[in-house]
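The values are calculated or read from the model by the stated rules, or taken from the named source; none is laboratory data. Source: prediction; values computed, not measured. Cβ placement follows ideal geometry from the backbone for every residue including glycine, while neighbour counts extend to all protein chains displayed. Side chains are part of the model used for accessible areas, which takes the heavy atoms of the whole protein and leaves out ligands, DNA and RNA. Shrake-Rupley method; radii C 1.70, N 1.55, O 1.52, S 1.80 Å.
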Amino acid sequence: MCLSTVYRNEKEDSNILCRFVATITAEGDKLTFVDVMGEVTTIAGRLVQADLTAGTVIVAAE
């Protein structure tokens, strides 16, 4: 199982939006992240980069 950390705009600890993300859903300009415990985080933004090997996702949040 690959879990990811989602960052706002760039990969820095101060920009972490959520950790241990198992599912990402995109619907229009909304991105929804669900972590391994089922906690849901939804933001307005777009995907910039997803490096699933490293477990990092970067989004441009509006």
Approximate spin-label separation Leu52-Thr25, in nm, with each point projected 7 Å along Cα-to-Cβ
1.8 nm
Can you give the accessible area per residue of the chain, in Å², using a 1.4 Å probe?
67 Å²
Mean Cβ-within-10 Å packing, highest first, puts peptides 35-45, 14-24 in the order 14-24, 35-45
How many percent of the accessible area of the chain is carbon or sulfur, using a 1.4 Å probe?
49 percent
Once Lys and Arg are counted +1 and Asp and Glu -1 for all other residues with Cβ under 13 Å from that of Ile58, the total becomes 0
Which entry in (1) 4, 15, 30, 26, 17, 6, 2, 0; (2) 4, 20, 26, 23, 16, 8, 3; (3) 4, 21, 33, 28, 12, 1 is this structure's computed P(r) over Cα pairs in 5 Å bins from 0, in percent?
(3)
